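Worksheet for the structure shown next.
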Amino acid sequence: MTKVADMKKDVLKIMKAAYEKASYNKIEDKEIYEKGFLLENHATSVREACEKYNLQVSFRAAGMDTLERISKGNPCKGHTIMDKSIKKKNGLWTYSADEKLLNRYKGLVGYPEKNTAVNGPKLGGIWKLNSKGQEQIPVGDLNKYEETQFFTGDYDMHDLLKENKRILAGTPDESSTINSLLVKMNEGSKTKIKDTEAVRGRWFNSQYAWIRHGAQTSFISYLLDQNSIEEMKEILKKTMLFRNYLCKV
């Protein structure tokens, strides 16, 4: 079995090779928003946090529908909700339902009806925040609730490094670093994470935190799998890397 120390070295080598053709661009925060990565004010805050704490952070594009919901203060789903957001991908909706219904609730996290996989799963309803955490609201009952009570997606973080070293998942260092990012983002955000919503002093445990998980392990898997290098390049094209500048692949 590969030792953790050896794996960390291998990951850094492969990352260096993957990014060797990258060019750093002083891209404006407004453009980051327009490309669907983060809200403009959040992009500014992440950049400031990276400069202050010497971090390198990358995100996959959230999508404009998700950004719209985040801007309105919707809660963001964590790993306890595995279903997809209602959105169009390659011209097709992630769920099948009436077009008007899908357009109204796009950007929110739906759930499928059971045993409906033909032509895409049929939309069964939408995930909603409640006092115990979350619940599923059937399509027929959606009108009973304010749309800001429903879950949207979070920012999909793929890389988290400090001083050019990858922060290991599940460590106190990862928790404190994500918390530092959220504190900085909260300072300049129109919709705030309240102190009372933190869990054990950690804001990323709040249902309203914009980053709900650590760096995605699936991305490391692509980096470690040399056979997936071409697929990895496609992923990198859709990934925004924050440093003092932004990395354009």
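The values are calculated or read from the model by the stated rules, or taken from the named source; none is laboratory data. Quick caveat: nothing in here was measured; it's all calculated off a predicted structure. Reconstructed Cβ throughout: ideal geometry from the backbone, glycine too, with neighbour counts over all protein chains shown.
Residues to consider are Lys100, Lys162; find the one that is modelled with pLDDT under 95 and not aromatic (Phe, Trp, Tyr).
Only one candidate passes the filter, namely Lys162.
Scan the stretch 61-69 and give yes if some residue there is out of contact with any Gly (no Cβ under 6 Å at 6 or more places or on another chain), polar (S, T, N, Q), crowded, with 24+ Cβ neighbours inside 10 Å and closer than 17 Å to Tyr208 by Cα, otherwise no.
no
Of all residues in the stretch 116-175, which are out of contact with any strand residue (DSSP E or B) (no Cβ under 9 Å at 6 or more places or on another chain), more than 24 Å from Lys88 (Cα to Cα) and part of a helix (DSSP H, G or I)?
Residue satisfying the conditions is Pro172 alone.
Can you name every residue in the stretch 28-59 that is farther than 19 Å from Gly153 by Cα, touching a residue at least 24 places away in the same chain (Cβ under 8 Å) and among the basic types (Lys, Arg)?
Within the stretch 28-59, Arg47, Lys52 qualify.
What number of residues within the stretch 119-130 are under 20 Å from Ile70 (Cα atoms) and either small (Gly, Ala, Ser) or crowded, with 18+ Cβ neighbours inside 10 Å (or both)?
Step one: of the stretch 119-130, the residues under 20 Å from Ile70 (Cα atoms) are 125-130.
Still in the running and either small (Gly, Ala, Ser) or crowded, with 18+ Cβ neighbours inside 10 Å (or both): 125-129.
Number of matching residues: 5.
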